[in-house]
1. In a Gaussian network model over the chain where Cα atoms closer than 10 Å are linked, find which of L39, L155, L137 has the largest mean-square fluctuation.
2. Quote the FRET efficiency, to the nearest 0.05, computed for R41 versus S169 with a Förster distance R0 of 45 Å and r equal to the Cβ-Cβ distance.
3. Among M207, M95, which comes first, then next, by fewest other beta-carbon atoms within 10 Å?
4. Please get the size of the charge dipole for the stretch 54-299, origin at its Cα centre, with Cβ charges of +1 on Lys and Arg and -1 on Asp and Glu, quoted in debye to the nearest 20.
5. Determine, for K297, K290, the number of other Cβ atoms within 10 Å of each Cβ, and report the residues in order from fewest to most.
6. Starting from 0 in steps of 20 Å, tell me what percent of the Cα-Cα pairs of the chain lands in each bin.
7. Quick check: net charge around D54, other residues with Cβ under 12 Å of its Cβ, Lys/Arg +1 and Asp/Glu -1?
8. Would you order H185, H63 from fewest to most other beta-carbon atoms within 10 Å of each residue's own beta-carbon?
Amino acid sequence: MSDATGERTERSDFQATRDPALSEAADRGEANLLSYGELYRLWERQQWSVQDIDFSQDRVDWHERIAPAERRQRLYGLSSFFVGEQRVAAELGPMMRAAPDEEMRIFLCTQIADEARHVAFFNRFYDEVGILESGDLDGRLAETSEHLNPEFGELFDEMLSQRVDRLASEPEDLETLVEAVALYHMVIEGMLALTGQHFIISFNEEMGTLPGFVEGFQNVARDEHRHVAFGARFLREMAARDSRYGEAIMRTLGESAPVADGVLEPRFLREEGIEPIFGTVDETRAFAMKALERRLKVIGLAPAAA
């Protein structure tokens, strides 16, 4: 996978997250995962500001260099992130409160802040580049929601929400917390978000477009790798504690896999046969599955390579 992700994820700040997907050693089940305290301190070192990003060239690119048909595809890819960041920011509170120790809870508080900053990043990008008709955050979220496919709603508004709602009423339910972390950190962030980020950033770098967006989106991706590293640590500990938690992880992954696969398939491909510009569905699936395989090996739920 390191060959596929290229120089970006080989940067020291990405490698500092210790996300198993970024290391070939994870193919052998080897990983030096950060502790929760170390992840918190890494968060302090990796701060960034949405207000510091310059979107002036992005506005020129969007309106003068990118064709209308291409804008449509780009908007689809961006919409799933904008709405997804808002959804997960809203769901993290019950998960944070259900975490069984204080260091976990402190780190999850940083993740809530990260997700809110990601929403602010997309909102400012849409606003300053002039991409949507809506003039406020709520309107932009509603407008972009129209581009998503049904599986997106099923994954976020049903599968994740059901588990989070249960945690809100029964925070002591560790098995549901394990399922929620598997779904959130391994599937939504680890497979879908980081895969999409990789292909969208790479496409813009190759085309020389949207430099402000690329700068910010790389920061978003680095944050996501740190979040996934937390998920890998938590799930490895829980799987080692009791086999029923390992079973819960695999059950959740099995239930969500067909839905996540559907999220990776854009509506315009399904409905009109238009191939994605960022990467084929087969390429994105292969990328996502390789990342999941490495993380599962480190968690101890997949056989490691000899």
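Please treat every number below as a calculation from the coordinates, not as lab data. Source: prediction; values computed, not measured. Here the Cβ is made from the backbone with ideal geometry for all residues, glycine too, and neighbour counts use every protein chain on show.
1. L137
2. On the way: r = 33 Å, r/R0 = 0.74.
For R41 and S169, the calculated efficiency is 0.85.
3. Neighbour counts put them in this order, fewest first: M207, M95.
4. Working: 27 positive and 47 negative charges, 134 e Å.
Dipole magnitude for the stretch 54-299 comes out near 640 debye.
5. Numbers: K297 21, K290 17.
Neighbour counts put them in this order, fewest first: K290, K297.
6. Once binned at 20 Å, the Cα pair distances of the chain give 34, 60, 6.
7. Details: positive: R59, R124; negative: D52, D58, E128, E215.
Around D54, the charge tally is -2.
8. Working: H185 25, H63 12.
In increasing order of surrounding Cβ atoms, one gets H63, H185.
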